Structures are given as structure tokens and as C-alpha cells.
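Everything on this sheet refers to the single structure shown next.
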Amino acid sequence: MGYTLTEKILREHLADGSYEPGREIGIKIDQTLTQDATGTMAYLQFESMGLSDIETELSVSYVDHNTIQVGFENADDHAYLESIAKKYGIYFSRPGNGICHQVHLERFARPGKTLLGSDSHTPTAGGVSSLAIGAGGLDVAVAMGGGAYYLTAPRVINIHLTGRLKPWTTAKDVVLKVLSILSTKGNVGCVCEYTGEGIAALTVPERATITNMGAETGVTTSIFPSDEQTKRFLEAQGRGDQWTALAADKDAVYDRTIEIDLSEIEPLACAPHSPGNIVQIKDLNLPVDQVMVGSCTNSSYVDLMTVAAMLKGKHLPAGVSLGIAPGSRQVLTTLARNGALGDLLAFGARILESSCGFCIGNSMSPCTNSVSVRTSNRNFKGRSGTPSANIYLTSPVVAAASALTGKLTDPRELGMDFPRIEMPEHFEIDDSMIIPPLPASQRTEIQICRGPNIGEPPVNGPMPEDISGQVTIRVEDLVTTDHIMPAGSRLKYRSNVPKYSEFVFEPLDKEFSSRASALQAQGIHNLIVAGQSYGQGSSREHAALCPMYLGVKGVIAKSIERIHAANLVNFGIVPFTFAQESDWNSLPEKTEVRIPGIRKALETGEDNITAYARDKQISLKMSLSKRQRAILLAGGLLPFTVEASTKPRKGK
């Protein structure tokens, strides 16, 4: 029996454990990436662990999220990131160079390499056949220091593509079709692997769109084989020597196979307020207030050239605004030199910085009660920065059609020929905005810049013998990390945990932080009770770090998404699930809860434990590996790693 491509790469990088689907394994990480919203804390944690060397083949620090510098906080963080990159031998992609996933795809991602990134859309690099996984910043810090990354050996889903996309249907529609099948929940511990004759015509940027937004299904990652399309892309980026052919064995066995005929796909959209709300464009007829093209999902050269071709010689209708955010400086420079940028400006577009900006709600927020059409990957309520806005996620051609007509429009109704834009044989390469690592001999004199907003990462204490606390908040299904730890203008406090913690659950309950702090001051543990798919969305580890700082000891949920569950463990918060989901109703807010013997249960490997609430006994489950139990006992990955590094090695 042959291996899937996923299993081949994982087996080649196996550092701990034996490969059995459903069992925890540790893998060697070749490359890491961080971005400024999560990377600042990752590097603070790297320093706190006493690590002194980068042990990966390549680590890159990107500044792409909080590039708007209102106040000193973001600029100070950028200075910290640049100085620490110089100190430890990390590549530094300066503000303005582009979105981490787009730039990494262009300049660094390689077939067969493992990539761990402190951003949930790290799987973008699966478009070039990297096994690319999003994780919390603390996991990335450990990997940079040479530690293994631990995950569940995945079940592999074969997305078998046949046929060819018709004009006006795009890679974005392919991944929305996949979302319509898999939904945004129930896919923890899976990998989507793309096969079939239909992939041959999909370029690397198209594949990257699919692997990028595959993150919304909750899978660990998505990956395409490395073939002639991969070779062509790497050659166009001046990296042809890094190409190698990779594919699953012909007799590989998959856990599930999904058949998709590309020729049958129609233009699709995600309707408010979830990426899993898939509808057909032809069924929508809504006036549009705003159109935004860009993000790590759809900001490639071909994406923006197609939009420019559709809009050339026309003008933006009154009452509609259009923003364009190229994914990288390479794309923006190319558009400027070939005249496409002028066409977009002549139409009436506002050209934004090559950054995450509008996608995370820190710029171009739409007006009250508006309809905004966006090519990004998430439309959670309020993520745009405007709680009352209705966000529809579409392909660039649907966005352009909507900008032309002022309403959500199926581009097939425009009566124009589909503009076929080819990927260039050679991109103009300019890496001057990427600062390479200094020689080791020059790093000792580097002084790290620390502004007043940058503090030490808080460290949790060991797990207590018992959890005795109160349900500080109870939330419904599909609560995202944006709900737990808001982004937008609040992100500037990411390096200042005491300040950032004031905004935990702000979109759902503005009093949570003060309530949790008051209970913590009384020695009462805080507990969060949640519904299904708790913690979906961003890999933002602050959604676990800040609750830990406020004294949260456990999350009791119907189900918890992969990255967030790992982050909870990393910060010493026990991720419990209900044995009976109906018990969610038995734990309203302010309920006093005791979970006696939690420390002993973790030490002895118990999977089940009983919680006591009022006069009711509630059965809880803990799906934890031996390593995760040890981390929880220590109070989190940071104290666990420090403790492990101080123990004498065998034979010493």
C-alpha cells in the first residue's frame, strides 16, 4: 500500500512517535514564518525560553498586519522585530513588502519542506507543495529553537479534481465548493490533498488560493503535488533549482475521497456571517456599497491584472467605493510598470498598502448597515470593523463585476469576453525590502529595541490539585478567535498583555475582563463554557494567552478547533469537551463549578473526569497526549520548555 503525499512528507520529517493516524507525532520543521500581530509575542517567548540560536533552515519575520502607525505602539513593535531578526539570524520582510503568505510563496516556499507559521493561513504554501501548518506563536518559537512540532497524524481527504474551469469561474469558486461540502466544522485532524487530472491547468497562485482558504474548513492543512506548474512558477521566481517532483503513490489509500468536476462549478459567494455560508452569485441581487480586492487569498498578479482588464476604460458608479490591496511589492511594482495600476486609478480605485489591512478590520471598514464584497477569506460578524456590515466573500472577477454595476453581479451577465491573463515567464525580482540575516560574528553587538508597549510574556503557574471556580461566560456555537480577542485597532496592544486583556470577549461581553479579574483576585478560577467549533478562525494565541492572564483554568465546550485547542494547552488552560452535549444547558453563567482531582487525572492519564455544578454531575472528556498533560501540569509550554532545558541530560 502506497503513501499519500502528506504521509510521505510527514514520515520524512518524523522526529518523535510512530506514524499512526489519530496518534500524536512530532515533526522537524524546516521553515518558520511569523507576522507582526503574532510574531512579537513569539519572539518575546523565544527570548524567555533562553533560546539563543535559530535551528531551522530558514525563518522569516514579516510585518504585514499592523502597518498603519497611529500612535507609537506599532512602530515600536516593528523596531523590536527588526532588531531581534538581526540578533538571531532571521530574515526580516519590512513593512510594505507584502503579505507574509504571498511573499513566502514567491520567495521562500519549497516543495517537500515543512513550514510552521504563526498565522492560520500558513497553508497557502501548500500551493507549491510545502506541508505548511498554522500554529500559535509559542509553538513557532519552540520550532525556531529546534524543537519538534507536535500534531495528530492526520486523516487525509483526497479532493479529486476533474474537468476544467469555465470562463468566469475561478480557484476561489473551487475552494468555496469544497467549503460547501466539508463546512467549517468537523474536520479537525484532517488534511486536504488535491489530486486528479483537473489540477494540471491550475497555476500555483490558483492552487495557493485554494490551500489558503482551505483553512476555513478547520483542516490541519491542504496540499497540491509538485509538478510542471510548480516548476514553471519557481522558474518565474528565479528559483527553478529548488523544484523537485512530488506526488502521492498511485496506490495511496485515502480516508475519504471527494470528486469535483471543475466544469460544473459556478460563481459562488460566502454570505454573512460565515465562510461556510455558500450561495450562488446568480441567486443574489443586492446593491453594493463597497468592493475590496486583495488579501492573502486573492491578490496575485493574475488576480489583479484580471480585475484591471475588466475595469479598464470604465468608471466607478456613484455610491460605491473600491479598494485594491496588492499582495506583495512584487505585484504592485509590476502593475505600476505595465500600466494596469493606472487603469485601476482611472476607474476610481483607492490603492492600499500591500498588507492585511482591510481583511483584519484595521482599515477600509465599510459604512453602517452596508454590503461589502471582498475577496478575502473570513466574514465573521464585525471582523471588517463595522459590526452591522454584511460581508460577502467572492472571487476577484465577481468583485470587479460588482464594482462595475453597483450590485452583486454574476460576471457572466456582463456581456464581455473573459480576460485571460497569463502568468509571466519571469517576474521582476527585487528583494531589497527583505533584510537577510547578519553573519553570526556581527550579531553579538546588536541591541534589541524595546518600546514602552513591549512587556515580558506572562508565565502561568503549575496546574492546581483541583479547579474550583465559576462560569465567567457562556457562549454559543462558532465563536471565533476574533470574538475572543478582537483584532483591528486593538491589535496594537499585542505586546502588552495586561492592556490587551482588557478586551477579551469585548464583541460579546464588554464586562468579561473586569468580571474575570475580580474573581481572580478572590482566588476563584474562571471557566469558559462554549458551543461547537469554539476558537475557529485566526491562530491568534492571545485568545488563550489573555484568558490565562485573567485566571481562566479551563474551557468546557461541545468542540474546540485544532489551533485554539493547542494554544489553550500551551498556556495551561485545560480544553474539556462535554461527554453529553446537552449538559451545555446545565452550565449557565455564574454557575459555581468544581473539578476535583484535575492534577491527579492529568498525571495518571485519565481521559474522563467529573465536574460538579450545583447538585448535578457533568461528565467531561480530555483528549490529550502524554506530552500535553505534562505541559498542562507545568502550567504551559513556556514553563515546560524552560524546565526541560534545565534538566541534566542523560550521561551528564
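The values are calculated or read from the model by the stated rules, or taken from the named source; none is laboratory data. This one's a predicted model, so the numbers in the text were calculated from it and none came from an experiment. Every residue, glycine among them, receives a Cβ derived from its backbone with ideal geometry; neighbour counts consider all protein chains shown.
For segment 457-474, the condition of being at pLDDT 90 or above, in contact with a Leu (Cβ under 6 Å, 6 or more places away or on another chain), surrounded by 16 or more Cβ atoms within 10 Å (Cβ to Cβ) and over 29 Å from GLY597 (Cα atoms) holds for none of the residues.
Name the single residue that is surrounded by the fewest Cβ atoms within 10 Å (Cβ to Cβ) among those in segment 475-486 being in a loop (DSSP other than H, G, I, E, B) and charged (D, E, K, R).
GLU476
The residue that is farthest from SER395 (Cα to Cα), among those in segment 205-222 that are of a type in the set (A, V, I, L, M, F, W, C) and touching a Ser or Thr at 6+ places or on another chain (Cβ under 6 Å), is ALA215. Go through segment 85-99 residue by residue and tally those that are surrounded by fewer than 23 Cβ atoms within 10 Å (Cβ to Cβ) and part of a helix (DSSP H, G or I). Residues meeting the conditions: 2.
Within the set LYS616, LYS600, LYS621, the sole residue that is of a type in the set (Lys, Arg) and within 33 Å of the chain's Cα centre (by Cα) turns out to be LYS621.
When LEU587 is tested against (1) under 30 Å from LEU138 (Cα atoms); (2) hydrophobic (A, V, I, L, M, F, W, C); (3) in contact with a strand residue (DSSP E or B) (Cβ under 9 Å, 6 or more places away or on another chain), exactly one condition is not met: (1).
Of everything in segment 177-208 that's β-branched (Val, Ile, Thr) and under 27 Å from TYR534 (Cβ atoms), which residue is surrounded by the fewest Cβ atoms within 10 Å (Cβ to Cβ)?
Top of the filtered list is ILE181.
For segment 51-80, the set of residues classified as closer than 30 Å to PRO111 by Cα, of a type in the set (A, V, I, L, M, F, W, C) and more than 20 Å from the chain's Cα centre (by Cα) consists of LEU51, ILE54, listed by residue number. For segment 1-69, the strands (runs of 3 or more DSSP E) that sit wholly inside it and include 3 or more residues that are touching a helix residue (DSSP H, G or I) at 6+ places or on another chain (Cβ under 8 Å) and within 30 Å of ILE360 (Cα to Cα) are 31-35, 58-62.
Considering ARG599, ARG629, the condition of being more than 23 Å from TYR534 (Cα to Cα) and among the basic types (Lys, Arg) is satisfied by ARG599 alone.
Can you pull out the residues in segment 418-441 that are among the aliphatic types (A, V, I, L, M) and either in the same structural domain as ALA340 (by TED's automatic domain parsing) or buried (at least 16 other Cβ atoms within 10 Å of the Cβ) (or both)?
Matches in segment 418-441: ILE421, MET423, MET433, ILE434, ILE435, LEU438.
Taken over segment 361-383, the residue count meeting the criterion of being β-branched (Val, Ile, Thr) and surrounded by fewer than 24 Cβ atoms within 10 Å (Cβ to Cβ) is 2. Scanning segment 414-437 for residues that are hydrophobic (A, V, I, L, M, F, W, C), under 29 Å from the mean Cα position of the chain (by Cα) and part of a loop (DSSP other than H, G, I, E, B) yields ILE421, MET423, PHE427, ILE429, MET433. Scoring VAL529 on the criteria (1) in contact with a Pro (Cβ under 9 Å, 6 or more places away or on another chain); (2) assigned to a helix (DSSP H, G or I) leaves a single failure, condition (2). Answer with yes or no whether ASP173 is modelled with pLDDT under 95 and farther than 17 Å from LEU10 by Cβ. Against the criterion (modelled with pLDDT under 95 and farther than 17 Å from LEU10 by Cβ), ASP173 does not qualify.
Being surrounded by 20 or more Cβ atoms within 10 Å (Cβ to Cβ), assigned to a loop (DSSP other than H, G, I, E, B) and free of Cβ contacts under 8 Å to residues at least 60 places away in the same chain is a description that does not apply to SER354. Only one of the numbered conditions (1) surrounded by 21 or more Cβ atoms within 10 Å (Cβ to Cβ); (2) touching a Leu at 6+ places or on another chain (Cβ under 7 Å) is not met by TYR549, and that is (2). Taking the criterion of being closer than 29 Å to PRO588 by Cβ and surrounded by fewer than 17 Cβ atoms within 10 Å (Cβ to Cβ), the residues of segment 602-633 that qualify are GLU606, ASP607, ASN608, THR610, TYR612, ARG614, ASP615, LYS616, GLN617, SER619, LYS621, SER623.
Give, as residue ranges, the strands (runs of 3 or more DSSP E) completely inside segment 208-293 that count at least 2 residues that are of a type in the set (Val, Ile, Thr). Outline the logic, then answer.
Numbers: elements: 221-223, 256-261, 268-270, 278-280.
Hits in segment 208-293: 221-223, 256-261, 278-280.
Among the residues making up segment 569-589, those that are loosely packed, with under 13 Cβ neighbours inside 10 Å and over 27 Å from ARG540 (Cα atoms) are GLN580, SER582, ASN585.
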